[in-house]
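The values are calculated or read from the model by the stated rules, or taken from the named source; none is laboratory data. Predicted model, so just to flag it, every value in this text is computed and none were measured. For neighbour counting, all protein chains shown are included, and Cβ atoms are generated from backbone atoms with ideal geometry for every residue, glycine included.
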Amino acid sequence: EFQQANILQNLPKQFFADLVAKVNSQIAAGVDVINLGQGNPDQPTPQFIIDAMNKAIINPENHKYSSFRGASELKEAIANFYQREYGVKLDPEQEVCILGGSKIGLVELPLAILNPGDTLLLPNPGYPDYLSSIALANLKLELLPLLKSNNFLPDYTQLDEQVIQDAKLLYLNYPNNPTGAIATADFYQKTVTFAKENKIGVVQDFAYGAIGFAEQPPRSFLQTPGAKDVGLEFNTLSKSYNMAGWRIGFAVGNADMIEALNLIQDHLFVSVFPAIQQAATEALNSNQKTVKELVNLYKVRRDAFYRAARKIGWEPYIGGGSFYAWMPVPKGYTSQQFADTLLAKAGVAVAPGTGFGSGGEGFVRVGLLIDEPRYTEACERIARLNLF
Ligand code: PLP
């Protein structure tokens, strides 16, 4: 009976739905699929966080409407976390926004600070959900190419002059989904300079901020001098504490951007369930031992996968963070054809690089979200196809 609004027609197709459907049809056909295509953390939430939730949920105070903009205790815990982990000072009331997961904020921010027709620069390849704001806020999309030759960091000197003039806001995401690349201090400094010179706002998505494999942990964008003048950073408890289903994230940084984000939230939401905010407070205030254990687990899996892949002549791009491996496609295949072939002929699901934009051509994304022995088995099955 009812038509969908025009903006819904313009929303990008959810490509993961397509992948899940293909995987499910193989499973229904009796194939023992090794699913390396998805990005859903497989480990449970640490017990101390569940304990905090159990305690909070029986307090009737937590059953009421709570402060629109989230609990002060959580905002303070976020500020303390940034001070402790990154040496970044934040004003908990002016520079922190609590969100029901970071995705909502990543999509909403352009609605809160841009106007229809404004230009948004998005990484290519990049996390597909950033595209949603293009349709919802009626923006002009320009792509920020991420090339392997530059370690999947954008090179601002290569951008078209008109694009630079038009751009109002740009998105970054390090450690990167899908490539696993990490940003350097020097790159972030260049970003702040570029943003100031050209009056472009910066959004850095730090969803995988805790998941880095080098001795030095991944840098926060806010560690860069001047970063707070030009932008903000989104963060989430989804990955670092295996709380993806709980829906709790936040944004930190530029006070004007935070206020705009808070304002749009005021009109659309009442804050996250207070018991979840209390559990999140415990998580951020903890000694981060569970995070270190989790990173070690991903490192063991990553090393196992890299070893198995190299054994069959499949050389990975070495990123440095996130729980994905970014793997080249053999000659003669597009990334979609290669992903389809692996699923149909080897029962191994991977995400085609082009699911993250045209810049993902030539690669597939492998999620390190299943137990270790399966990586060897996946590579053995792939070896039988004689593609490398
Ligand atoms: N940003 C990136 C790059 C992601 O990969 C994801 C989740 O997969 C998110 C943001 C969303 O995280 P959240 O659970 O906080 O909405």
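The test for being outside any strand (DSSP E or B) and assigned by TED's automatic domain parsing to the domain that holds LEU114 does not hold for LYS168. Close contacts from the stretch 138-152, counting a first residue that is farther than 28 Å from LEU8 by Cα and a second that is surrounded by fewer than 18 Cβ atoms within 10 Å (Cβ to Cβ), with Cβ to Cβ under 7 Å and a gap of 6+ residues or different chains, come to LYS148/TYR317. Condition test on GLY180, is it within 13 Å of the ligand (Cβ to nearest atom) and under 14 Å from the mean Cα position of the chain (by Cα)? Judged against the criteria, GLY180 is a match. Within the stretch 235-262, residues that are in contact (Cβ under 8 Å) with a residue 60 or more places away in the chain and hydroxyl-bearing (Ser, Thr, Tyr) have Cβ atoms under 7 Å from residues that are part of a loop (DSSP other than H, G, I, E, B) and more than 14 Å from the ligand (Cβ to nearest atom) in these pairs: TYR241/PRO46, counting only partners at least 6 apart in sequence or on another chain. Being under 20 Å from the mean Cα position of the chain (by Cα) and either crowded, with 17+ Cβ neighbours inside 10 Å or at pLDDT below 95 (or both) holds for only one residue in LEU114, LEU90, LEU109, and it is LEU109. No other residue among PHE48, PHE81 is within 16 Å of the ligand (Cβ to nearest atom) and either part of a helix (DSSP H, G or I) or basic (Lys, Arg) (or both) apart from PHE81. Note on the stretch 264-369: enclosed helices (runs of 4 or more DSSP H) holding 2 or more residues that are at pLDDT 95 or above and touching a Cys at 6+ places or on another chain (Cβ under 6 Å) are 289-311. Are any of the residues in the stretch 188-203 touching a Pro at 6+ places or on another chain (Cβ under 8 Å) and in a loop (DSSP other than H, G, I, E, B)? No, there is no match, as no residue in the stretch 188-203 is touching a Pro at 6+ places or on another chain (Cβ under 8 Å) and in a loop (DSSP other than H, G, I, E, B).
Annotation note: of ALA5, ALA28, the sole residue that is over 27 Å from the mean Cα position of the chain (by Cα) and either under 30 Å from ARG374 (Cβ atoms) or of a type in the set (D, E, K, R) (or both) is ALA28.
For (1) more than 21 Å from ASN177 (Cβ to Cβ); (2) among the hydroxyl-bearing types (Ser, Thr, Tyr); (3) surrounded by fewer than 20 Cβ atoms within 10 Å (Cβ to Cβ), each residue gets a yes or a no:
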{"position": "LYS289", "(1), (2), (3)": "yes, no, yes"}
{"position": "LEU294", "(1), (2), (3)": "no, no, no"}
{"position": "LEU297", "(1), (2), (3)": "no, no, yes"}
{"position": "PHE305", "(1), (2), (3)": "no, no, no"}
{"position": "ALA325", "(1), (2), (3)": "no, no, no"}
{"position": "PRO330", "(1), (2), (3)": "yes, no, yes"}
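Restricting the stretch 225-238 to residues that are surrounded by 24 or more Cβ atoms within 10 Å (Cβ to Cβ) and under 14 Å from the mean Cα position of the chain (by Cα) leaves a set whose member that is farthest from the ligand (Cβ to nearest atom) is GLU233.
Scanning for something within 16 Å of the ligand (Cβ to nearest atom) and either out of contact with any Ser or Thr (no Cβ under 8 Å at 6 or more places or on another chain) or in contact (Cβ under 8 Å) with a residue 12 or more places away in the chain (or both), does the stretch 297-305 turn up at least one residue? Checking the stretch 297-305: at least one residue is within 16 Å of the ligand (Cβ to nearest atom) and either out of contact with any Ser or Thr (no Cβ under 8 Å at 6 or more places or on another chain) or in contact (Cβ under 8 Å) with a residue 12 or more places away in the chain (or both).
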